[in-house]
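Accompanying notes for the structure given below.
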Amino acid sequence: QVQLVESGGGLVQAGGSLTLSCAASANSSSINVVTWYRQVPGKQRELVATITTAGITYVPDSVKGRFTISKDNVKNTVYLQMNKLKPEDTATYYCNADQRGKIYWGQGTQVIVSS
């Protein structure tokens with residue numbers, strides 16, 4: 001069982017930055033992939049960044065150049081650095097962990113970007 005706790009969300013002006021954290025209860029070496037998603041009510045969930053155990057990262061074109069994912073294996077925490085935020089980045093952000101095929105979700109953290 002893995003528990004994920006997201007934090008770092010909040011209200012920020014357009015152009016600003018936020019860093020989200022996803023702290024895992026399990027040893028990071030047992031987690032294969034951690035992915036950040038975001039969701040706006042009524043819209044499909046969107047993948048915004050992913051990182052593997054080996055540190056390989058992926059961000060889609062929609063956030064490339066603005067969002068960076070990283071991890072601290074000692075703290076069992078994955079970070080999502082979000083720069084140059086836009087109002088359309090407003091959403092609830094969730095982290096998701098794949099531990100040997102089992103999927104776990106955090107409770108989400110809300111990000112609101114004002115124009």
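Listed values, structure above:
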{"read-out": "Sequence-distant aspartates and glutamates (8 or more away, or on other chains) whose Cα lies within less than 15 Å of LYS43", "value": "GLU88, ASP89"}
{"read-out": "Reachable aspartates and glutamates from LYS84, criterion Cα separation under 20 angstrom, eight or more residues apart if same chain", "value": "GLU46, ASP61"}
{"read-out": "Packing rank of 93-99, 50-56, where each peptide gets the mean count of other beta carbons within 10 Å, highest leading", "value": "93-99, 50-56"}
{"read-out": "Anisotropy class of the range 21-65 from Cα gyration tensor, a/c 1.5 cut", "value": "oblate"}
{"read-out": "Long-range tail of P(r) for the chain (Cα pairs > 20 Å, %)", "value": "34"}
{"read-out": "With every protein chain in place, the chain: carbon and sulfur % of accessible area (1.4 Å)", "value": "49"}
{"read-out": "Accessible area per residue, Å², the range 66-115 with all protein chains present, probe 1.4 Å", "value": "52"}
{"read-out": "LEU85, LEU18, LEU11, ranked by accessible area, largest first (probe 1.4 Å)", "value": "LEU11, LEU18, LEU85"}
{"read-out": "Integer Hz, Karplus 6.51/-1.76/1.60 couplings in order for the range 3-12, x for Gly and Pro", "value": "9, 10, 10, 8, 7, x, x, x, 9, 9"}
{"read-out": "Charge tally in the Cβ shell below 14 Å around GLY108, where Lys, Arg are +1 and Asp, Glu are -1, GLY108 excluded", "value": "0"}
{"read-out": "Cα-centred dipole magnitude for the chain, charges only on beta-carbon of K, R (+1) and D, E (-1), debye, nearest 20", "value": "60"}
{"read-out": "Accessible surface, 1.4 Å probe, highest first, among residues VAL40, VAL12", "value": "VAL40, VAL12"}
{"read-out": "Relative contact order (%) - the chain, alpha-carbon pairs under 8 angstrom, separation at least six", "value": "37"}
{"read-out": "Selection from ASN27, GLY15, ALA49, by position along the positive dipole direction of the range 6-85 (Cβ)", "value": "GLY15"}
{"read-out": "For the chain, the longest site-free run once trypsin sites (Lys or Arg not before Pro) in DSSP loop states with at most 16 other Cβ atoms within 10 Å are removed", "value": "1-42"}
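The values are calculated or read from the model by the stated rules, or taken from the named source; none is laboratory data. Here the structure is a predicted model, which means the values were calculated and not measured. In this analysis, Cβ positions are derived from the backbone assuming ideal geometry, glycine residues included, and neighbour counts consider all displayed protein chains. Just the protein is used for accessible areas: all its heavy atoms, side chains included, with ligands, DNA and RNA removed. Shrake-Rupley method; radii C 1.70, N 1.55, O 1.52, S 1.80 Å.
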